[in-house]
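> Here it is, the structure, as structure tokens.
The values are calculated or read from the model by the stated rules, or taken from the named source; none is laboratory data. This one's a predicted model, so the numbers in the text were calculated from it and none came from an experiment. So basically every Cβ, Gly included, is an ideal-geometry build from the backbone, and we count neighbours across all protein chains shown.
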Amino acid sequence: MAKLLTHGKRVTVVEYGLFFQRKNVSYSGGYEFDCDEHGRLGDMTAMQKESYADAQSDAYYAGEVRRRSHSYWEPASMECTRCGTVLHLHDAMSNDCTGCDNCYNSSGQQVIKNYGREECERDGWAYDVNDY
């Protein structure tokens, strides 16, 4: 089994926005500006500064800090044992090396290449059309 350069991990990104809701409207219209968890704003463009000044008017409720988050999976990476190409192991079962055509699973174990429809047609192997 090859040595992993990095292990797969779940990454969570947390962001904050300072939200100003418009008064006297039935929908949730308003402005939101990127900020830190305490509501401190970063650098703004001239247009953002103009919008922020408008949000400070009596037409909007006072700013409220809102937390947003999302997560994603960052795949493991490894060096191919045959040619040294760095691979990112996105797929659980079949990660093909672009340098030599070796195939690895998401744990870095070398596995037999998974033949898909195109390879089966090229090599004359039978395949079930319902699988594709």
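> Quick one: how many residues across segment 58-83 are without any contact (Cβ under 8 Å) to a residue 40 or more places away in the chain and surrounded by 10 or more Cβ atoms within 10 Å (Cβ to Cβ)?
3
> Give just the number: which of (1) in a helix (DSSP H, G or I); (2) loosely packed, with under 14 Cβ neighbours inside 10 Å; (3) at pLDDT below 95 does Cys120 not satisfy?
It fails just one condition, (2).
> Could we say that Glu37 is within 16 Å of Arg68 (Cα to Cα), surrounded by 15 or more Cβ atoms within 10 Å (Cβ to Cβ), among the charged types (D, E, K, R) and in contact with a strand residue (DSSP E or B) (Cβ under 9 Å, 6 or more places away or on another chain) here? First the steps, then the outcome.
Numbers: within 16 Å of Arg68 (Cα to Cα): yes; surrounded by 15 or more Cβ atoms within 10 Å (Cβ to Cβ): no; among the charged types (D, E, K, R): yes; in contact with a strand residue (DSSP E or B) (Cβ under 9 Å, 6 or more places away or on another chain): yes.
It is false that Glu37 is within 16 Å of Arg68 (Cα to Cα), surrounded by 15 or more Cβ atoms within 10 Å (Cβ to Cβ), among the charged types (D, E, K, R) and in contact with a strand residue (DSSP E or B) (Cβ under 9 Å, 6 or more places away or on another chain).
> Just give me the residues in segment 1-18 being in contact with a Gly (Cβ under 6 Å, 6 or more places away or on another chain) and either surrounded by 12 or more Cβ atoms within 10 Å (Cβ to Cβ) or without any contact (Cβ under 8 Å) to a residue 24 or more places away in the chain (or both), in sequence order.
Residues of segment 1-18 in contact with a Gly (Cβ under 6 Å, 6 or more places away or on another chain): 1-2, 4, 18.
The answer is Ala2, Leu4, Leu18.
> Going by what's in this entry, would Ala2 be described as closer than 30 Å to Ser107 by Cβ, in the same structural domain as Cys103 (by TED's automatic domain parsing) and within 28 Å of the chain's Cα centre (by Cα)?
Working: closer than 30 Å to Ser107 by Cβ: yes; in the same structural domain as Cys103 (by TED's automatic domain parsing): no; within 28 Å of the chain's Cα centre (by Cα): yes.
In short, no.
> Has segment 101-110 got any residue that is in contact (Cβ under 8 Å) with a residue 40 or more places away in the chain, at positive phi and surrounded by 14 or more Cβ atoms within 10 Å (Cβ to Cβ)? Give the derivation first.
As a first pass, look at segment 101-110 and keep what is in contact (Cβ under 8 Å) with a residue 40 or more places away in the chain: 104, 106-110.
After this cut, where a residue has to be at positive phi as well, the list is 108.
If we keep only those that are surrounded by 14 or more Cβ atoms within 10 Å (Cβ to Cβ) too, we end up with 108.
There is at least one residue in segment 101-110 that is in contact (Cβ under 8 Å) with a residue 40 or more places away in the chain, at positive phi and surrounded by 14 or more Cβ atoms within 10 Å (Cβ to Cβ).
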